[in-house]
Amino acid sequence: MVASHNWNRTTVYRNLLDLARVGLARRFDVGDHTWRFEAAGHAREHPHFVCNSCGDIECLEGVQLALADDRGPRALRGREVDVQVRGVCDRCM
C-alpha cells in the first residue's frame, strides 16, 4: 500500500525557498527552467553532470573549479556560480 500525502505544492515550494534563503538548502537550475534543491550541508559547492539523453542529474562532489589567478569575473572569485557538465550518462550509452 502506498501512503497518500496531500502536500500543498505551493507551501512545499515556499518552505524550500525559505530553507535556501537561510542557507540550509541550495537552489539550482540545469537550464530547463525548473528549480531543483539540495541540502546545503551534503557537500561543498560542486558541479553537476546532466545527461543529455535521459535528463538525470548527478552531483560531481569530487570535482572543484579553481582559478589559476585572480582574473575573471567577481562571481567566480566569490564562488557564486553553478557549473554543469553535460554529456550522456553510462546507463544511456
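Since every read-out is calculated from the coordinates, none of them should be taken as a lab result. All values derive from a computational prediction rather than experimental measurement. Don't worry about glycine lacking a Cβ; one is built from the backbone with ideal geometry, like all the others, and counts go over all protein chains shown.
Pulled fully out, how much extra length does the chain show between Arg91 and Arg14, if you take 0.36 nm times their separation in residues and subtract their Cα-Cα distance?
In short, 24.3 nm is gained.
How long is the gain from His5 to Gln84 if the chain were fully straight, where each residue apart is worth 0.36 nm and the alpha carbon distance is subtracted?
Fully extending the segment from His5 to Gln84 adds 25.2 nm.
Report the extension gain between His33 and Ser53 in nm, rounded to one decimal, defined as 0.36 nm multiplied by the number of residues separating them, less their alpha carbon distance.
Difference between extended and current length: 5.5 nm.
Could you order the peptides 9-21, 48-60 from most to least packed, using the average number of other C-beta atoms within 10 Å per residue?
The most tightly packed comes first, giving 48-60, 9-21.
Net charge around Cys51, counting only other residues with Cβ within less than 10 Å of its Cβ (Lys, Arg = +1; Asp, Glu = -1)?
After counting each charged neighbour, the total is -1.
Quick one: which residues, 5+ away or cross-chain, put their amide H under 5 Å from the amide H of Ala25? H built at 1.01 Å from N.
For Ala25, whose amide H was placed from the backbone, the distant partners under 5 Å are Ala20, Ala40.
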